[in-house]
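As structure tokens, the structure follows; a few thoughts come after it.
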Amino acid sequence: GSIVGFEELWSAYVLENDTLDYYQAPFEVINRYELGRYITPYGIQLDLEDGWTWVFDVTDFAPLLRDSVELEAGNWQELLDLKFVFIEGTPAREVKRIENFWVGNYGLSNMDEYVTDRTFEMEEDEVGLKLRTVATGHGFGSGNNCAEFCYNTHSVQVNGNQEWSWEIMHECDDNALYPQGGTWIYARAGWCPGKEGKLEEFELTPFIQNGEVTVDYDIEADPYGNYVFESQMVTYGPLNHQTDVEINQIIAPSTFKLNSRINPMCDNPVIRIRNLGAQPLTSCIIQFGIVGGASDSYTWTGNLGFDEYEDVVLTSTDPNMWAGDDEELLTFFAQVTYPNDLFVDENTYNDYATSTFYRPPVYTYGEGEDDDNRMIVVLKTNNAYWESECTLYDMNGNVVWHRDDYSAGNTTYRDTLTLNAGCYMFLLDDTGDDGLNFFANNDGNGDCRLDRVQGLDFKIFEDDFGADIRHYFYFDTDLVSVNESTIPAASLSVYPNPVDEMCRLDISGFSGMTEVEMHDMSGRKVKSLRINAGVQQSTYLRVNDLAAGVYTLTARDHKQMATTRVVVK
């Protein structure tokens, strides 16, 4: 063949320098607004599976989100899918105007020079005012690790008076998105990896004087670190409804991943209600249950001002909530009616909500295995063995088993429990808030699992879990614990129930000194008393100092126990 010379080869390839436009000419950035701040998770060893969803309420930005809008997401790691959901109906109040107030990346050493007191003037048709702020601290490695890891107090002054103050540090060891790489469990200033930046909202309407409000934002000074700071003033028209109760969200039962730390659950649905009416919300009826199945009703009482909310813990009586096929996708519903004993809610589009959910996993000895009612809790301690605690609760909130006396590190402990059929919650708690395995300490590695007497494990838990693991399950067995079946009949009753101030406790079947304890739904003891069952069978309990909700009462003597539930209004 022929040989091509270097000059001939070079002349055959001519490169033309030109400009290829991929996009149209960019819009001029006149005024940038941050709709929401989200800090991406630490990606090492992170599996996002089929994706996670974070929700931002951008109603206050409605005046800006019209016609043509240029949107930007400052993310170069994960693929983001951005959606806007439009809610039909009349809003609680019309947004008139939104304006940036303080915006910048400020060093803590001189932040007071830039974030100074400012007076905001209202316009003629504006009667409501709110301040929104997002402050996330960044920077560490010098001094006391400000601003990312140092504790400091933030405050808002209105018309020369301090009206709000709070500690900026945000706990991260209970992050629903876990495990992550890096130091994901460390508390941080206003943010956590894989979570939204903490939004603070301050209703300034009561402070308007002569059509204006003077506001200042303060942070304790430090020579190190900085805060990325965004804030807006939002003005509104008058409230559109006198009475309007909203189901803001269904926290449990739910398949929403940000609530996965407490889901799937047994029989205590949790919903968030919010008052969007001008009148204080003092009562409402909540109906709830499985769509197509039985429903329950609960009378809520309290005192919520405009835009205030409360997480309400309910009690379901339908065993289909927790017993059955754990792979069947079900739909839960909640509906609020009769706000303040009124027949009509002025705004009905937010009275009803649904969530999809799965029942808790079912643990049983299957075909080909001898039926058994034993479960083994296996815990291998790490070097910080004193930080580990394990507790098993029944569905009434009673402690079935507890252990916190682990005495050696790098040691495997096996506790065999005898359980009857029912729904339970297993709590694995690390008091150091760094799980059983975390790369940035010297605690070493531990692990925990729920085991069968024979066959494979029921459940193997993640060891890098941060603060704790709450695991609900249904234990399916035909056997009955001998100890429980031989307990003599005993009873505990409460009247009235629900109760708002004082109730009477009646016991029967007990002997001698009987201990009575009251626990909230997190298992925390809130009251206790003693009754000498030999001389009295009733007593009174005052509950007007307790928050509204569902509580568990337990009475026990040296041989037996009885449990009931109390609803405090």
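The values are calculated or read from the model by the stated rules, or taken from the named source; none is laboratory data. Bear in mind the structure is a predicted one, so any value in this text is a computation, not a measurement. Backbone-built Cβ (ideal geometry, glycine too); neighbour counts: all protein chains shown. Only protein heavy atoms, including side chains, enter the accessible area calculation; ligands, DNA and RNA are left aside. Shrake-Rupley method; radii C 1.70, N 1.55, O 1.52, S 1.80 Å.
Quick one: which strands (runs of 3 or more DSSP E) sit completely within region 368-481 and have at least 1 residues that are in contact with a strand residue (DSSP E or B) (Cβ under 6 Å, 6 or more places away or on another chain) and of a type in the set (S, T, N, Q)?
By residue number, 388-394, 412-418.
Just wondering, is there one or more residues in region 360-375 that are surrounded by 14 or more Cβ atoms within 10 Å (Cβ to Cβ), at pLDDT 95 or above and in contact with a helix residue (DSSP H, G or I) (Cβ under 9 Å, 6 or more places away or on another chain)?
For region 360-375, residues surrounded by 14 or more Cβ atoms within 10 Å (Cβ to Cβ), at pLDDT 95 or above and in contact with a helix residue (DSSP H, G or I) (Cβ under 9 Å, 6 or more places away or on another chain): absent.
Among the numbered conditions (1) aliphatic (A, V, I, L, M); (2) open to solvent by less than 30 Å² (accessible area, probe 1.4 Å); (3) in contact (Cβ under 8 Å) with a residue 40 or more places away in the chain, tell me where Leu304 comes up short.
Only one criterion is unmet by Leu304, namely (3).
When the residues of region 436-449 are narrowed to those that are farther than 15 Å from Gly409 by Cβ and in contact (Cβ under 8 Å) with a residue 40 or more places away in the chain, which ends up least open to solvent (accessible area, probe 1.4 Å)?
Ala440
Looking at region 338-348, is at least one residue within 24 Å of Pro253 (Cβ to Cβ), buried (at least 20 other Cβ atoms within 10 Å of the Cβ) and in contact (Cβ under 8 Å) with a residue 40 or more places away in the chain?
no
Residues of region 118-147 being farther than 10 Å from Gly211 by Cα, more than 34 Å from the chain's Cα centre (by Cα) and not in a strand (DSSP E or B), which ones?
If the condition is that a residue be farther than 10 Å from Gly211 by Cα, more than 34 Å from the chain's Cα centre (by Cα) and not in a strand (DSSP E or B), then Asp125 is the only one that fits.
Please tell me if Val69 is at pLDDT 80 or above, assigned to a loop (DSSP other than H, G, I, E, B) and under 28 Å from Ala135 (Cα atoms). Working first, answer last.
Values: at pLDDT 80 or above: yes; assigned to a loop (DSSP other than H, G, I, E, B): yes; under 28 Å from Ala135 (Cα atoms): yes.
Against the criterion (at pLDDT 80 or above, assigned to a loop (DSSP other than H, G, I, E, B) and under 28 Å from Ala135 (Cα atoms)), Val69 qualifies.
Taking the conditions exactly as written (within 30 Å of the chain's Cα centre (by Cα), within 25 Å of Cys423 (Cα to Cα) and of a type in the set (S, T, N, Q)), does Thr354 satisfy them or not?
Here the answer is yes, as Thr354 does meet what is asked.
Among (1) over 24 Å from the mean Cα position of the chain (by Cα); (2) of a type in the set (Phe, Trp, Tyr); (3) within 20 Å of Gly422 (Cα to Cα), which single condition is Tyr338 missing?
(3)
Conditions tested, residue by residue: (1) out of contact with any helix residue (DSSP H, G or I) (no Cβ under 9 Å at 6 or more places or on another chain); (2) open to solvent by 20 Å² or more (accessible area, probe 1.4 Å).
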| residue | (1), (2) |
| --- | --- |
| Val115 | yes, no |
| Glu123 | yes, yes |
| Gly128 | no, no |
| Arg132 | no, no |
| Ala135 | yes, no |
| His138 | yes, yes |
| Asn145 | yes, yes |
| Asn152 | yes, no |
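When you scan region 227-299 for strands (runs of 3 or more DSSP E) that lie fully inside it, which ones turn up with 3 or more residues that are open to solvent by 30 Å² or more (accessible area, probe 1.4 Å), among the charged types (D, E, K, R) and touching a residue at least 40 places away in the same chain (Cβ under 8 Å)?
Per the criteria, no element qualifies.
Give just the number: which of (1) buried (at least 18 other Cβ atoms within 10 Å of the Cβ); (2) assigned to a loop (DSSP other than H, G, I, E, B) does Val566 not satisfy?
Answer for Val566: the failing condition is (2).
Is at least one residue of region 525-548 among the acidic types (Asp, Glu) and either in contact (Cβ under 8 Å) with a residue 60 or more places away in the chain or open to solvent by less than 80 Å² (accessible area, probe 1.4 Å) (or both)?
no
List the pairs whose first member sits in region 49-73 and is at positive phi, whose second member is open to solvent by 80 Å² or more (accessible area, probe 1.4 Å), and whose Cβ atoms are under 9 Å apart, counting only residues at least 6 apart or on separate chains?
The qualifying pairs are Gly51/Leu79; Gly51/Asp81.
Filter region 65-112 for residues that are farther than 29 Å from Gly43 by Cβ and of a type in the set (Gly, Ala, Ser); which is most open to solvent (accessible area, probe 1.4 Å)?
Here the residue is Ser68.
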